[in-house]
Amino acid sequence: MKVTNGQLAKTADAIRCLCADMVDKANSGHPGAALGMADLATALWLKHLNFDAKDPAWEGRDRLVFSGGHASSLLYALFHLSGTGGLTMDELKNFRQFGGRCAGHPERGVMPGVEVTTGPLGQGVAMGVGLALAAKKRATGNKTFVFCGDGDMQEGISHEACSWAGTMKLDDLVLIYDSNGITIEGSTGFSMADDTKKRFESYGWKVLVCNGHDFDEIDKAYRRALKVKGQPVLVIANTTIGKGAPKKGGTADCHGAPLGADETRALKTGLGFDPDRSFEVPEEVYELFRARAAHCRRLANKWRKARAGRSAETWTAEKLLAALPKYEPGTSVATRNANGEVLTALAPIVPELIGGSADLGPSNKSIMKGVDFILPGSFEGRNMHYGIRELAMTAIANGITAFGGMRGYGATFFVFSDYCRPAIRLAAIMELPSIFIFSHDSFYVGEDGPTHEPIEHLAAMRTMMGVTTFRPCDANETAYAWAEMLLNGKGPSCLLTTRQNVPVLPGTSYEGVKRGAYVIYEGGYRNEVVAQEGTRERTVLFIATGSEVALAIEAAKLLEKDGKLVRVVSMPSQERFLRQDMYYRDSVIPPEMKKRVIVEAGSRFGWDRFRLDFATTRFVTIDHYGASAPYKVLAKEFGFTPENVYRIAKEIA
């Protein structure tokens, strides 16, 4: 398909006018980046991007990510012109409005063609790295293009992700840097003196530089980028923010506010468009996009024909459960160790699993034994060395999962989940089923002290909507949690594991883990007593998670010796339990059982929902930072002993 520079220029200018109209009508948005990047995006779409507009989910497509999601009007203009998702002009007029598909920042699942949800700067860069890696694993032969700007370059996550990608020699990844020298507060010179070219060259990237408004230079840079093998490519495109806007172009005034009626009229006049007409696109522009779409459709059909008959592997609950290792009650196993054994057992069953740890694999047991590592220039393996890059790791895992046909995971100590939260939150918004393993889940870390002992982290994780957190009580619950995480196709899952050994308990239940909570121990009942009225009212109910379940059972048995009725509930997942119907919830935690002791080695925050009244509920939690000492000393000092939990339970028994 032959496209002249004149046709590209007219198309880019039509897109500029369309983007300005969208932002003006919404009275909200960021026109500057869209106008400045229009030439780069037009040349890429019409000459180099292989994307089937009739089938935006075609696996062999090139991936295009707008890491600077505030330039979303430009992406929607491209979708409309190409016919992607049937995006109409009326929908463009509904930009940034409730219920519309043209959201303020691109949202995966809302508009077909949006690969990943972007907005928080830098995450699109890291997810692009994940998409590019997944393409290597899936052998689809596609390229990954990521548009980014000065803000993406300043965010730390881009440094982490790009350093990793360069080290891995991850080719077929092209980062297009819209270098306009402007941020919200003005010149980037106020806060950024980096030599970006040298920085990326030091990462191991191939760096190309072009004038982002000269179509010959743009095309030359793209063609060179697509030929590079053995390293990712950065294209530094020097551009003018708000290109075409006579007064606001080149200034911060057009970054995050509409151009306004007068400036938009002047823009259109200067570009040769009718200033009195809005949302108008010349027919020849549509023709160019239709021709490109037809060309890409032919490529896609050829690709599909070549891969006909291939099918993705699937797994069932039965298949997963059959592969899980079994642990005998009476033994003692740290759940982090169980995690490693379970992961290794599942590796042959789930070949789509790919991931690793932020330099903690031997400690948090996140390595699939018998499986090769991905190494620089070698992508056959499935284990990954992420290095000490928690946030990039989490976002790259999201990119792997977003690609399709792969399940990305990452691992680190739970206290460092603070570094991971921004990307976990985006996974929740996108409903991506990425998996995150967090070991060393409580103050039982011990000697490393308060900086390494998570306290408020579990409560914080539970506040994120759409995230499912599992804190298993023993090795068998850990195995069951893994089965559930793999079967969960909607939203991220987090697995919390212990550093210290914990007993393997009798009575653990896959169905109980699946439903989030279940009765793991009951005592003091006799058949004739059960039949009497008031037995539930007299029962002391213990609710615990993780390593505290065994502690609660020991305390319950001491109380049982006093002739008291007891029930212990293991609650590996609050989120799962709260999603169950009322009948099931009441069968596990009956409303009549008002005498309750809640035990967890973390903050009390969030547990009051299981309290019926102040007089009959007690909490054994920790609402202060930890200390440096052997974990058994800390357990005694902080009150996490059977004797102390028993003493507290007696207050309400």
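Derivation of every value follows stated rules applied to the coordinates shown; laboratory data play no part. Keep in mind it's a predicted model, so treat the numbers as computed, not measured. Because the Cβ atoms are built from the backbone with ideal geometry, glycine has one as well, and the counts that use them run over all protein chains shown.
Which shape class applies to region 99-160: rounded if a/c is under 1.5, otherwise prolate when a/b exceeds b/c and oblate if not, where a ≥ b ≥ c are the square roots of the Cα gyration tensor eigenvalues?
The shape class here is oblate.
Figure the gain on full extension for Ser332 and Lys557 (residue separation times 0.36 nm, minus the Cα-Cα span) and round it to one decimal in nm. All intermediate terms of the calculation are to be shown ahead of the outcome.
Working: separation 225, 0.36 × 225 = 81.00 nm, distance 1.93 nm.
Value of the extension gain: 79.1 nm.
Check which residues have an amide H placed less than 5 Å from Ile543's amide H, if you skip close sequence neighbours.
It is Val569, Val597, Ile598, Val599, by chain and number.
If eta is 1.002 mPa s and T is 20 °C, what Stokes-Einstein diffusion coefficient results for region 264-304, Kirkwood Rh from Cα pairs, in µm²/s? Present the calculation step by step, with values, prior to reporting the outcome.
Values: Rh = 12.4 Å.
This corresponds to a translational diffusion coefficient of 173 µm²/s.
Using Cβ counts within 10 Å as a stand-in for footprinting exposure, how do Asp39, Asp581 rank, fewest first? Let's see the in-between values first.
Working: Asp39 25, Asp581 9.
Starting with the residue having the fewest Cβ neighbours, the order is Asp581, Asp39.
Ordered by residue, what ³J(HN,Hα) values in Hz, to whole numbers, does region 75-80 give under the Karplus form 6.51 cos²θ - 1.76 cosθ + 1.60, where θ = phi - 60° and Gly and Pro are x?
My calculation for region 75-80 gives 5, 5, 4, 4, 4, 4 Hz in order.
With Cβ to Cβ distances under 13 Å as the rule, what net charge do the other residues near Glu217 carry (K, R +1; D, E -1)? Numbers along the way, then the final one.
Working: positive: Lys220, Arg223, Arg224; negative: Asp39, Asp214, Asp216, Asp219.
After counting each charged neighbour, the total is -1.
If I model a spin label at Arg307 and Arg224 as a point 7 Å from the Cα along the Cα→Cβ vector, what separation in nanometres do I get?
Label-label distance for Arg307 and Arg224, simple model: 3.1 nm.
In percent, what relative contact order does the chain have, based on Cα pairs under 8 Å that are 6 or more apart in sequence? Mind dumping the intermediate values first?
Working: 1428 pairs, mean separation 76.1, N = 653.
Relative contact order here is 12 percent.
Calculate the radius of gyration of the Cα atoms of region 148-201 to one decimal place, then report Dmax, the largest Cα-Cα distance, as a whole number, both in Å.
For region 148-201, the Cα radius of gyration and maximum Cα-Cα distance read 11.9, 35 Å.
If the only charges are +1 at each Lys and Arg Cβ and -1 at each Asp and Glu Cβ, what is the size of the charge dipole of region 596-640 around the Cα centre, to the nearest 20 debye? Don't jump to the answer; show the numbers that get you there.
Numbers: 7 positive and 5 negative charges, 25 e Å.
Result for region 596-640 is approximately 120 debye, rounded to the nearest 20.
What are the semi-axes of the equivalent ellipsoid for region 201-328, taken as the square roots of 5 times the Cα gyration tensor eigenvalues, largest first, in whole Å? If you can, show how the numbers build up before the last one.
Working: eigenvalues 406, 113, 95 Å².
Equivalent ellipsoid of region 201-328: 45, 24, 22 Å, largest first.
When a/c reaches 1.5 or more, the comparison of a/b and b/c decides; with that in mind, is region 5-305 rounded, prolate or oblate per its Cα gyration tensor?
On the way: a/c = 1.60, a/b = 1.17, b/c = 1.36.
Oblate, since a/c reaches 1.5 and b/c is not below a/b.
Quick check: net charge around Ala460, other residues with Cβ under 14 Å of its Cβ, Lys/Arg +1 and Asp/Glu -1?
Details: positive: Arg421, Arg425, Arg462, Arg471, Arg604; negative: Asp418, Asp441, Glu456, Glu575, Glu600, Asp623.
That works out to -1.
With a ≥ b ≥ c taken as the square roots of the eigenvalues of the C-alpha gyration tensor of region 317-503, please select rounded if a/c is under 1.5 and otherwise prolate if a/b is larger than b/c or oblate if it is not? Write out the running numbers ahead of the final one.
Values: a/c = 1.30, a/b = 1.07, b/c = 1.21.
Taking the square roots of the gyration eigenvalues as a ≥ b ≥ c, region 317-503 is rounded.
Where the centre of each part is set by its Cα atoms, how far does region 294-364 sit from region 83-101, in angstrom?
37 Å
Apply the Karplus parameterisation 6.51 cos²θ - 1.76 cosθ + 1.60, with θ equal to phi minus 60°, to every residue of region 154-160 and state each ³J(HN,Hα) to the nearest whole Hz, in sequence, with x for glycine and proline.
Ordered by residue, 3J(HN,Hα) equals 7, 5, x, 4, 5, 4, 4 Hz.
Describe numerically, in nm with one decimal, the distance between label points set 7 Å from Cα along Cα→Cβ at Ser363 and at Lys54.
Result: 5.5 nm between the two label points.
So how compact is region 283-336: Cα radius of gyration and Dmax in angstrom?
My reading of the Cα-based Rg and Dmax gives 25.4, 76 Å.
What's the exposure ranking of Leu505, Leu226, going from fewest to most Cβ atoms within 10 Å? Before the final figure, lay out the partial values.
Details: Leu505 21, Leu226 15.
Ascending Cβ contact count within 10 Å gives the list Leu226, Leu505.
Ordered by residue, what ³J(HN,Hα) values in Hz, to whole numbers, does region 536-545 give under the Karplus form 6.51 cos²θ - 1.76 cosθ + 1.60, where θ = phi - 60° and Gly and Pro are x?
Ordered by residue, 3J(HN,Hα) equals 5, 5, 8, 6, 8, 9, 9, 10, 8, 9 Hz.
Tell me, what is the FRET efficiency for Asp448 and Asn211 to the nearest 0.05, using R0 = 41 angstrom and their Cβ-Cβ distance as r? Let's see the in-between values first.
Numbers: r = 52 Å, r/R0 = 1.28.
Given R0 = 41 Å and the Cβ-Cβ separation, E is 0.20.
Calculate the length of the line joining the C-alpha centroid of region 611-653 to that of region 378-453, in whole Å.
Each part reduced to its Cα centre gives a spacing of 30 Å.
In square nanometres, what is one fourth of the surface area of the convex hull spanned by the alpha carbons of the chain?
Values: hull surface 124.1 nm².
Taking a quarter of the hull surface, the average projection is 31.0 nm².
Taking the Cβ-Cβ separation of Thr167 and Ala291 as r and a Förster radius of 45 Å, what is the calculated FRET efficiency to the nearest 0.05?
Values: r = 40 Å, r/R0 = 0.90.
E(calc), rounded to 0.05, equals 0.65.
Viscosity 1.567 mPa s, temperature 4 °C: give me the Stokes-Einstein translational D for region 516-650 in µm²/s, with Rh taken as the Kirkwood radius over C-alpha pairs.
85 µm²/s
Under the 0.36 nm per residue contour assumption, what length would be gained going from the current alpha-carbon distance of Trp315 and Gln154 to full extension?
Here the segment from Trp315 to Gln154 would lengthen by 53.8 nm.
Full-extension gain between Lys93 and Glu651, please, as 0.36 nm times their residue separation minus the C-alpha to C-alpha distance. Provide the component values of the computation, followed by the final result.
Details: separation 558, 0.36 × 558 = 200.88 nm, distance 6.45 nm.
Computed gain between Lys93 and Glu651 is 194.4 nm.
Can you give the local net charge around Cys148? Use residues other than it whose beta-carbon is closer than 12 angstrom to its beta-carbon, Lys and Arg +1, Asp and Glu -1. Present the calculation step by step, with values, prior to reporting the outcome.
Details: positive: none; negative: Asp150, Asp152, Glu155, Asp178.
Surrounding charge for Cys148 is -4.
Could you sort out which of Lys136/Lys206; Lys206/Lys369; Lys369/Lys636; Lys514/Lys557; Lys10/Lys229; Lys169/Lys514 sit more than 30 Å apart by Cα distance in this structure?
Violating the 30 Å Cα-Cα cut-off are Lys206/Lys369; Lys369/Lys636; Lys10/Lys229; Lys169/Lys514.
Search the structure for amide H atoms under 5 Å from the amide H of Leu375, placed 1.01 Å from N in the peptide plane, and list their residues when 5 or more places away or on another chain.
Answer set, sorted by chain and number: Glu380, Gly381.
What's the FRET efficiency of Thr535 with Arg579 using the Cβ-Cβ distance as r and R₀ = 35 Å, to the nearest 0.05?
On the way: r = 29 Å, r/R0 = 0.82.
Efficiency computed from Cβ-Cβ geometry: 0.75.
Among Phe619, Phe273, Phe542, what is the fewest-to-most ranking by other Cβ atoms within 10 Å? The partial results should precede the final answer.
On the way: Phe619 17, Phe273 20, Phe542 29.
Sorted ascending by nearby Cβ count, the order is Phe619, Phe273, Phe542.
Taking H as built 1.01 Å from N, whose amide H comes closer than 5 Å to the amide H of Val502, not counting residues under 5 places away?
Val333, Ala334, Thr335
Could you run the Debye sum over the Cα atoms of region 403-493, one equal point scatterer each and no solvent, and tell me log10 of I(q)/I(0) at q = 0.15, 0.23 Å⁻¹, two decimals?
-0.58, -1.25
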